[in-house]
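**Q** Okay, here's the structure, questions in a sec.
The values are calculated or read from the model by the stated rules, or taken from the named source; none is laboratory data. Everything numeric here is computed off the predicted structure, so don't read it as measured data. Heads up, the Cβs are rebuilt from the backbone with ideal geometry, glycines too, and the neighbour counts pull from every protein chain shown.
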Amino acid sequence: MPVNRPTSINENMEFESWRAWQKESGILGNSEPVRRMLETIAQVAATDISVLISGESGTGKELVARAVHLRSKRHDAPLITVNCGAIPEGILESELFGHEKGSFTGAIGPRKGYFELADTGSIFLDEIGELPTSIQVKLLRVLENREFLRVGGSELHKVNVRFIAATNRDLEQEVHKGNFREDLFYRLNAIHIHVPALRERREDIPLLAKKFAADFCRENLIEFEGFTEDALFRMQDYHWPGNIRELKNIVEQMIVLERGRQITEHGLEKYIKFQDPMDKRLPVPLQKPRDEVEKEFLIRVLLEIKSEIAQLRELIMAGSTNHYRLGAWRGELTEDIQDVEDFYNNNEQDKSVADMEREMIRSTLIKSGWNKRKAAKILGLSERTLYRKINQYRLRDDDF
């Protein structure tokens, strides 16, 4: 099934406002997992229902929480973020609910907690799986009755907040282990939004890398010669265990240490430890006779060489490699998130051949319902090459 144009998310949401919202929220990407996530955000943000955000560390869960808040009716009120794993257990209750004068040593006066500060707005409890069970009980009361007691106090305080929580743990497993209260889990998990790992949205990596580079160069007044196309696609081969946070850090590191020089595919190897493609084929089973082992190994090497030759032929046929350059910084370069995609210089050579190739790829993608794996098989291309050509010809499913 083809991916719906973003306007299907909301009858009143035009495509440009969709892009503007991406820019405002900081959630960039055209991949299907990102679109599904943004669709869910748009559907639930206008309500006051509790939201539980799950995802690996570094995927941008806080950006999702901010997007939910910005699209809600509470957007003019504060969004208070609490990192539950960063506050020592001894003071966590006081930080969340506040305290009264004299409630403990050093409590020289009454103090509001995060819940009171978030009144009429939203509270984002990040890494909620780290909460001790003693605090979970009191949090459940706030969720159910919208009231709490300050530490050392006897007066109930009412609060009107929208609950947004996030975790990188599997809370259902934590419930089974007895580490997280089941009743609290079900109250928080009214709506579940999963933030995809970067490896689940590889086609967004070039856009994100260029955006991070542009932002970093603007902030630090750095001239950067950009990434080669091969370097950007090579980034898609990496597993990215640290997700978007790791990508951002590596991009900034490369720009600084390479002194603004162009980043090539070979240059990436100094900063990213790629898995050798031959590792996937090793070890060869040693239970077989030696001559069979040698024969199998030789066949695998030949297949690898054949694949590399095919990739090289496709690169040659596609023409010279394009790259973009960030010159002396001009603020308008990142005025719109789509400007990032325009850093590529247009290649006018062999235009008629390129037009025919573009039309063939476009037609095949439409017929396959934008199933890129199926389209690549029909076209006789690798998925990596198809992704490169989709970006090269700036093909998007919402254009058709």
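**Q** When you go through Arg261, Arg234, Arg245 one by one, which is the residue that is among the basic types (Lys, Arg) and within 19 Å of Leu28 (Cβ to Cβ)?
**A** Answer to the selection: Arg245.
**Q** Would you mind stating whether Gly113 is touching a strand residue (DSSP E or B) at 6+ places or on another chain (Cβ under 6 Å), surrounded by 12 or more Cβ atoms within 10 Å (Cβ to Cβ) and at pLDDT below 95? Steps first, answer last, please.
**A** Numbers: touching a strand residue (DSSP E or B) at 6+ places or on another chain (Cβ under 6 Å): no; surrounded by 12 or more Cβ atoms within 10 Å (Cβ to Cβ): yes; at pLDDT below 95: yes.
In short, no.
Listed here are the residues, each with its yes/no results for (1) closer than 30 Å to Asn249 by Cα; (2) without any contact (Cβ under 8 Å) to a residue 24 or more places away in the chain; (3) out of contact with any Leu (no Cβ under 6 Å at 6 or more places or on another chain).
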| residue | (1), (2), (3) |
| --- | --- |
| His69 | yes, no, no |
| Thr81 | yes, no, yes |
| Cys84 | yes, no, no |
| Glu95 | no, yes, yes |
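**Q** Is it true that some residue in region 140-147 is charged (D, E, K, R), assigned by TED's automatic domain parsing to the domain that holds Ser50 and closer than 28 Å to Pro196 by Cα?
**A** No: zero hits.
**Q** In region 226-249, what residues are charged (D, E, K, R) and either modelled with pLDDT of 90 or more or not in a loop (DSSP other than H, G, I, E, B) (or both)?
**A** Glu229, Asp230, Arg234, Arg245, Glu246, Lys248
**Q** In region 26-54, which residues are within 27 Å of Gly369 (Cβ to Cβ) and part of a loop (DSSP other than H, G, I, E, B)?
**A** Ile27, Leu28, Gly29, Asn30, Ser31
**Q** A further question on this structure: Among the residues that make up region 200-210, is at least one of them farther than 24 Å from His239 by Cα and not charged (D, E, K, R)?
**A** No, the conditions are met nowhere in region 200-210.
**Q** Please go through region 385-400 and give me each residue that is modelled with pLDDT under 80 and in a helix (DSSP H, G or I), ordered by number.
**A** Residues satisfying the conditions are Asp397, Asp398, Asp399.
**Q** Taking region 210-268 as the search range and keeping residues that are over 23 Å from Asn168 (Cβ atoms) and among the basic types (Lys, Arg), which one is surrounded by the fewest Cβ atoms within 10 Å (Cβ to Cβ)?
**A** Selected residue: Arg259.
**Q** From Glu203, Glu229, grab the single residue that is over 30 Å from Leu125 (Cβ atoms), in contact with a His (Cβ under 8 Å, 6 or more places away or on another chain) and charged (D, E, K, R).
**A** Glu229
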